[in-house]
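Read through the structure below, which is laid out as structure tokens, and then see the notes.
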Amino acid sequence: MLNHNRSVLAVSSMAVFVTLALSACGGSDSDKVKKEYEHFAKQVTADYERIKAKLSPEEKRMAKVLESVSLSEESLDKFLDKITPEGGKGGLYAGHFVELDDGDAADIDIGAIYFDISKDAAGSVDGRISYQQQPCQENRTLGTGGAVKVDKAIVGQLSGSLDSLKFLDVKYVRDLGIETPNLSSTFSGSFDKAATGSPWSGSFEYQDGLGRTQLSSGNEGCDVTYTLSKRSNFVTYPLDYKRGQLNLDIVGNGSQSRLTWDNPANATSVLVSQINVNKAEAGANGYERNQVFTDGTSQFAPVITDTPTNYAFVVQAFNQDNDLIGYQAVIIDLPQTL
């Protein structure tokens, strides 16, 4: 997916990630992050000095990017010596996140997330997370910025805007004149080949004090309200992973096409995602629509354009504890050509 030079350059974006993460904080949180960053910077400087002698002339011209990256000694050695470890597999991974302790027992704590991960040992990570629960909500997402993969680890920043505030926070309205919050979050994850489905999983945490803040769709007639959690755990799977017997299928033709599935007996909610594969692999927002069903519905109306487009449809079923009990994905061009 990436050549060697692009892989190295992707690492330089970590500098942007660190800077943005710092700018998103305030008060005591800012002091804490500043101290962590100072420690981080010292560690990076030591690593950078140690590996200088290993660089070729071409790599030396590019090596300044390593001043912004803190890697283990083993990972640095492998990276610079161009040894490709088995590491974490790349490709398009789709899954979900579950919010932790948002203080609102009435809202839905599940959302959609995907990553397009470099197949190289070190490279870029493009991804999106979405809080969209119903089609009437605007298709806003948080996207990755300065995200990288090194061996079996991914790390970066999630940023973007979501729905408008239900109870407008004075921090955004009076001080900044912003009614739609721009969120900033750091995320990290790892690849576990031994786990069921060989997932990339991890967590993200907001840096700008928006935990336990209530948001709404902001669109008239779209009664969707939810509360942000400061921290969420995520898990993503390759699209050939299956759990349970969902029997996912596409029925009908043209604009009448529908996605159908079988709900597990103990499912209390089902998250359905439609991802434009080409957009996702190009780093754009690949989500066309996400929808959460809690009433036993077993069909989904996709977004369909006149031009055949490659879509990934992902259905994930959960029990009352938000545990994943069903997963299946299908990739298909819609509208289908005869």
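The values are calculated or read from the model by the stated rules, or taken from the named source; none is laboratory data. This structure is a prediction, so every number in the text was calculated from the model and none was measured. Cβ atoms come from the backbone with ideal geometry, glycine included; neighbour counts cover every protein chain shown.
Among the residues making up segment 250-290, those that are more than 30 Å from Leu158 (Cα to Cα), surrounded by fewer than 16 Cβ atoms within 10 Å (Cβ to Cβ) and touching a residue at least 60 places away in the same chain (Cβ under 8 Å) are Asn253, Gly254, Ser255.
Residues that are assigned to a strand (DSSP E or B) and within 11 Å of the chain's Cα centre (by Cα) within segment 131-153 comprise Leu142, Gly143, Thr144, Gly145, Ala147, listed in sequence order.
Of everything listed in (1) closer than 25 Å to Ile110 by Cβ; (2) in a loop (DSSP other than H, G, I, E, B), the single unmet condition for Ile332 is (2). In segment 189-200, of all residues being surrounded by fewer than 18 Cβ atoms within 10 Å (Cβ to Cβ) and touching a Phe, Trp or Tyr at 6+ places or on another chain (Cβ under 9 Å), the one that is nearest to Leu92 (Cα to Cα) corresponds to Ser198. Test each condition in (1) more than 20 Å from Leu100 (Cβ to Cβ); (2) modelled with pLDDT of 85 or more for Thr180 and report the one that comes out false. The number of the failed condition is (2).
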